[in-house]
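The structure appears below as structure tokens.
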Amino acid sequence: MNGLSNHVTVVTGGSRGIGAATALLCGQNGHAICVTYRERADQAEAVVAAIEDAGGRAIAVQTDTAVEADVTRLFKTVDERLGPLTGLVNNAGIYGPRIRFDALQNADVEQVLAVNVRALFQCSKEAVLRMSTRYGGKGGAIVNVSSIAAKFGVPGSGVLYAASKGAVNSLTIGLSQEVAGEGIRVNAVAPGLTATDMPPPERLDRDGPNLPFGRAGQPEEVANAIYWLLTDKASYVAGANMDVSGGRV
């Protein structure tokens, strides 16, 4: 196991896909990891077991990040079981219904914005209260998982999702400037088409070969970018939004 052992990192939505790959990579490099999950307890525990088998420390905490009380409980659990927080990866997100804009219901909009936007505000606030030197913390890093969908708007099937990720981008810019002088670096990664369970398999087959790299990305490739932004190698990077999109810009 490499890296520093005094890092404590929360990865929301860490039971699968990009979140699981990030949790594993950070755990293998000395971070004590808290994996959050909403429903997939078995998958979250499998990630924890893999980290522990490699000699690391990890816990899984059931959390609906769109529920304020759950977020409060999550961070208190991390305080008690892992120690002072140093990193947060805001990865949990949903796509929402793949329909035209004019077919969206208010409930659809509320659900996607609750998970993809409001939850990031709530988790980031808890992280800032712990890591900011303004409140006695020792600094740290926040990485928000956005999407290149925010650039393209995804007409016909994903305007709501794209808009929610546009909000993530704005949050990253504003918060990064607000807390940069308090020892916290805030950045984002913007994955393109990635082989997780979010895009339908037929889209991976159809669109992957048409990307400049000729294929969809792998979760581990996005995780590498997230991990770098958490480390001191990115010590002068804040407010950045790193495309991990196989050359699509």
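Every number in this text was worked out from the coordinates using simple rules, so none of it is lab data. What you are looking at is a predicted structure, and each value in this text was computed from that prediction instead of being measured. Using ideal geometry, Cβ is built from the backbone for each residue, glycine included, and neighbour counts are taken over all protein chains shown.
In table form, for the structure just shown:
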{"quantity": "Residues Lys233, Lys165, sorted so that the one with the fewest Cβ neighbours within 10 Å comes first", "calculated": "Lys233, Lys165"}
{"quantity": "Dipole moment magnitude, nearest 20 debye, segment 1-143 about Cα centre, only Lys, Arg, Asp, Glu C-beta charged", "calculated": "400 debye"}
{"quantity": "Gain in span if fully extended, Val237 to Ser157, counting 0.36 nm per residue against the direct Cα distance", "calculated": "25.4 nm"}
{"quantity": "Listed residues Gly17, Gly139, Gly174, most fluctuating in the chain (Gaussian network, C-alpha, under 10 Å)", "calculated": "Gly174"}
{"quantity": "Relative frequency of Cα-Cα separations exceeding 13 Å in segment 189-241, percent", "calculated": "62 percent"}
{"quantity": "Value of relative contact order over segment 7-244, rounded to a whole percent, pairs C-alpha under 8 Å and six or more apart", "calculated": "19 percent"}
{"quantity": "Distance from segment 4-23 to segment 93-165 (C-alpha centre basis), Å", "calculated": "18 Å"}
{"quantity": "Average projected area [Cα convex hull, segment 171-215], square nanometres", "calculated": "4.6 nm²"}
{"quantity": "Sorted peptide list for 184-195, 30-41, criterion being average Cβ within 10 angstrom, highest first", "calculated": "184-195, 30-41"}
{"quantity": "Sequence of Leu211, Leu74 once ranked by neighbouring C-beta atoms within 10 Å, starting from the fewest", "calculated": "Leu211, Leu74"}
{"quantity": "Proxy reagent accessibility, fewest Cβ within 10 Å first, across Leu25, Leu129", "calculated": "Leu129, Leu25"}
{"quantity": "Whole-Å semi-axes of the ellipsoid equivalent to segment 43-147 (Cα gyration tensor, √5λ, descending)", "calculated": "28, 18, 12"}
